[in-house]
Amino acid sequence: MKNFIVVLRIFLGLSFLFSSYTKLIAPGFFEITLLDQGLASSRDFAAHMTRFFIGLEFSLGILIILPYLTKSLMLLSGGLLSVFTIHLVYLILIGDNENCGCFGEMISMTPSESIVKNIILIFATFFVYKKSSEKRISILIPNIFMLLTILSMWFIIPIPNNKNFPFQKYSNFIPSGRIDLAEKEGLVAIFNLDCDHCQEAAIELSIMKKKHEAFPKVFVLYFKEGSTSVKEFEKISGSQFPYTLIDVNSFFDLIGDSPPRIYYINNGKVIKIWDDNFTDNIKSFFDLKG
């Protein structure tokens, strides 16, 4: 039984470490998740909250693995998991069934799936709490470690300045859900649904995507001016890319003299812009053969 408790305690610690890691490698996704769920009032505040949670989960994971203050740590862990679970129930009630962000983009989980995961972890914390002994050390040691770990996140994951990134505000794409374009490498196409040239460009992109396995990801910003729907546009062009709809002001801010326009983005920066000859330009830029 003693060995089982040790294994279970380490499993709980590793769960928090893994959760921290999945947020650390793509903090922007967790930021937009906090925004969409109403937990943060702005992207800047969401960025600070993200670094706090990453540091909290990482330090808690390390402390749980160590054989000290186990009962106190189980109470803290169980309390946090319970609060998170209550929030997940709220998301279900308001109809939010997207990836809850518990494991970042690495493992997509709906609120319902995450509740099941949390309940299992809560039972595990309760079991460890009941069966383990409290090996005490000075409370200052874990508190200082936790504080320093949390503060270090602002240095380990500096908050990027993406205010000049033109796609910063677009964070939800159909059917993919939450996406932070500032963390992506790929193409962003600006299309008018009624534009013949846009439909031709979408055909070109779709053909290249099918031909080349290494073709970059494509995201589309559609402007709806007339009667053509997204489904009709996709049927005409034979394309199907993650998309979102934009308003008229955003559309004219993002195109050149006339649509379409395609951007190549990488790590929150616009690297290249094309307004014509898309097949030749994209093939040449990415060195695609055939």
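Helix 43-65 and the longest principal axis of the C-alpha atoms of the chain enclose an angle of approximately 40°. Ignoring the sites themselves, the chain has its longest run without trypsin sites (Lys or Arg not before Pro) in a DSSP loop having at most 12 other Cβ atoms within 10 Å at 1-134.
For the pair the stretch 15-54 / the stretch 213-246, the C-alpha centres are spaced 29 Å from each other. Here the Gaussian network model covers the chain, with springs between Cα atoms less than 10 Å apart; of VAL83, VAL128, VAL220, VAL83 fluctuates the most.
Cysteines of the chain lacking any other cysteine Cβ under 4.7 Å from their own Cβ: CYS100, CYS102.
Averaging the sequence gap over all C-alpha pairs within less than 8 Å and six or more residues apart, then dividing by the number of residues, gives the chain a relative contact order of 17 percent.
The base-10 log of I(q)/I(0) for the stretch 2-82, evaluated at q = 0.12, 0.15 Å⁻¹, reads -0.39, -0.57 [Debye formula, identical scatterers on Cα atoms, solvent excluded]. Among the listed values [x] 1.23; [y] 1.11; [z] 1.03, the one matching Cα Rg over 2.2 N^0.38 Å as calculated from this structure is [x]. Here the extension length gained between ASP196 and MET49 equals 48.5 nm, from 0.36 nm per residue of separation less the Cα-Cα distance. Backbone phi angles across the stretch 22-32, fed through the Karplus curve with coefficients 6.51, -1.76 and 1.60 (θ = phi - 60°), yield HN-Hα couplings of 5, 7, 5, 6, 8, x, x, 5, 5, 4, 5 Hz in residue order; Gly and Pro are listed as x. Model label sites at SER108 and ILE236, defined 7 Å from Cα along the beta-carbon direction, differ in position by 2.8 nm.
Mind giving me the FRET efficiency for VAL116 and ILE271? R0 is 41 Å, r the Cβ-Cβ distance, nearest 0.05 is fine. Efficiency computed from Cβ-Cβ geometry: 0.50.
For a straight C-alpha distance cut-off of 24 angstrom, the lysines reachable from LYS210 (same-chain residues fewer than eight places away being disregarded) are LYS184, LYS231, LYS235, LYS272, LYS283, LYS289.
Every number here is computed from the coordinates shown, using simple stated rules; none is lab data. If you're wondering where the values come from, they're calculated on a predicted model, not measured in any experiment. Using ideal geometry, Cβ is built from the backbone for each residue, glycine included, and neighbour counts are taken over all protein chains shown.
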